[in-house]
């Protein structure tokens, strides 16, 4: 029986995670059964939401088990197959373990075409990232041409796609990000009409009011925390907040307090709705079709930050919280 | 030109309002013009949301002007009419000034039938209160038979109606209120399956979990604050929070901080939506029809607390924040 290098969750991080929260082991690769395939990891996606899954039961996302491999979206190559619809040499995506080689049930995998788009795109613009942007904005945000869309975490993987879809749909699009370089990127490369660098802005409430003179109709929230508090003062009547992420609170030991949202929601007859992309499982093909169409017509661009080497997966994950990524953060194994 | 006793907002209350925030004046009753009627107040509705309107511009509800009469929902009798569709002796409802006699435009009034229901009902179960319960629960809460409905402020004007509609629709209904007497009332008189006295409960998070063993599908929130924080830990996947009121924060000088809702909304793909009853203006007739139907079939009961005398309006308003009302609080002029 063969073995493979594996990255496990060693400790539940207190506050900001560190390398010592992970450990490397060598674990068995089980025997192939009918319906299963042996996979070699190709690309591993590291995402802020994984931080939530590292917390324990009182947390707000189903936790990873300690001393078990971490799981995230991956692209892998099929090395051996006992599944009828997959053959050696095929590439697939799925939620896979951080384990160089592993056996997986073919039912939980989706075959992807490396000729249609680069393999990494299936973890980004044509994967969870793109679908999260697409369904969050279109289904929850209910955007209308001429409305104002504000996006936090605008230079991140999801944010860069949200802004572009907003422009395709005819909205005024304003982004919030954490460096002048990122603001330059979202306005130059991703079509944002305007950007706000929250790290150099003293009064976010006023800055948002200035950048959104007609108020905010749709707020696509990737960060939560203080930025989202400032947004509350600028939402329009019947506005919609798409609650996609809360990276600003993922590293907090206790959930932080923030200004109560309820009085704002009442005053503005406004809604906030959370979601995870799995809610739209049945509609993924529709989303991929639309995104691929925009991509092929040159209406969508994407950026990715690719680090190399299986051993660097934990560091790549940690780098997310330092804002070191532009667009989707991936590790090429 | 005649004059009438008027109650004005004297100060913007800091914290809890007091009698000194109001003053009584005698002000002119203007001449009747075409399309107008001269009214005599019959019943005045005092409501928690008025507290929000007493705050100034940075507040979250359009403010009342200082030294101008306060306005709330009222029933009044037509004394004289220059409007084609109203005659002396008719009764109307509308947003009227706290002024014993006043002139109003007939377009902003709705004639009510004193033979169909007691006049006070048009400020309660067949008025804003009933409609707020009805549209909030049915349109935003999207209730399904068999689901669990949790109501805060359950013994209040809106809460007693919400609970009964929940039962009519086949839900398990749990209420939160502030005294054993109120809990007894909601379970005995208003059909609630269970009640939680938040004043005598140490751990609200656990108490809610116990009273709602299948979790909370719809939370009809009349209070905000700490109670609503405890509810967050008990919401189900795809649950809906109807943000109707936030009485617990209306008297705060600064908006309070509370646990960030975003992580919970993400984890549970859950929504929170605020509203005011004016959003449903076009659908009021539908709501009144349904409520009147339930009322006539004995499926809806209502309770009201009626104080007497124009001069007692401010005190009746203050009594709301002491929880002295059961059901709708009114003043008979």
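Here are the numbers:
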| read-out | value |
| --- | --- |
| Residues B:149, A:300, sorted so that the one with the fewest Cβ neighbours within 10 Å comes first | A:300, B:149 |
| FRET E, pair residue A:312, residue A:105, Förster distance 25 Å, beta-carbon r, rounded to 0.05 | 0.35 |
| Cα-derived Rg to Rh of the stretch A:68-111, Kirkwood definition | 0.93 |
| DSSP-defined antiparallel bridges as percent of all bridges, the protein assembly as shown, nearest 5 | 60 percent |
| Prolate/oblate/rounded call for the protein assembly as shown, Cα gyration tensor, a/c under 1.5 rounded | prolate |
| Among A:123, A:137, A:109, residue whose mean-square fluctuation peaks in a GNM of chain A (springs only between Cα atoms under 10 Å) | A:109 |
| Tensor-based shape of the stretch B:212-333 (alpha-carbon gyration tensor, a/c under 1.5 rounded, otherwise prolate or oblate) | oblate |
| Estimated [θ] at 222 nm from DSSP helical runs (n ≥ 4, -39500 (n - 2.57)) normalised by residues in the protein assembly as shown, nearest 500 | -6500 deg cm²/dmol |
| Teacher prompt: residue B:201 distances to equivalent labels in other copies, 7 Å Cα→Cβ, nm | 4.0 |
| Efficiency of FRET from Cβ geometry, residue B:321 and residue B:79, R₀ 41 Å, rounded to 0.05 | 0.75 |
| Residue-span extension gain [residue A:12 to residue A:289] - 0.36 nm each, minus C-alpha spacing | 95.9 nm |
| Euclidean distance of C-alpha centroids, the stretch A:1-63 and the stretch B:134-205, integer Å | 43 Å |
| Global form of the stretch A:128-278, assessed from the alpha-carbon gyration tensor, a/c cut-off 1.5 | rounded |
| Other-copy label distances relative to residue B:34, 7 angstrom Cα-Cβ extension, nm | 8.9 |
| For chain B, share of DSSP beta bridges that run antiparallel, in % to the nearest 5 | 55 percent |
| Shielding by partners - mean other protein chain Cβ count within 10 Å, residues of B:214-225 | 1 |
| Estimated translational D of the stretch A:93-179 in µm²/s (Stokes, Kirkwood radius over Cα pairs; 20 °C; 1.002 mPa s) | 146 µm²/s |
| Neighbour-count order for A:205, A:199, fewest beta carbons within 10 angstrom listed first | A:199, A:205 |
| Extended-chain gain in nm, criterion 0.36 nm per residue less alpha-carbon gap, residue B:301 and residue B:68 | 80.3 nm |
| Residue exposure sequence - A:160, B:148, B:241 - by fewest surrounding Cβ within 10 Å | B:148, B:241, A:160 |
| Stokes-Einstein D (µm²/s) once Rh is taken as the Kirkwood radius of chain A over alpha-carbon pairs, at 37 °C in 0.692 mPa s | 159 µm²/s |
| At 7 Å out from Cα toward Cβ: residue B:170 inter-copy label distances (nm, ascending) | 4.2 |
| Chain A residue with Cβ closest to the axis mapping A onto B, distance in whole Å | A:257, 2 |
| Degrees, to the nearest 10: B:284-296 long Cα axis against longest axis of chain B | 70 degrees |
| Stretchable slack from residue B:184 to residue B:28, in nm (0.36 nm times residue separation minus alpha-carbon distance) | 51.5 nm |
| Alpha-carbon Rg with Dmax, taken over the stretch B:175-241, Å | 11.5, 33 |
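Values quoted throughout were computed directly from the atomic coordinates according to the rules given, and no laboratory measurement underlies them. Remember, it's a predicted structure, so these values are computed and weren't measured experimentally. For neighbour counting, all protein chains shown are included, and Cβ atoms are generated from backbone atoms with ideal geometry for every residue, glycine included.
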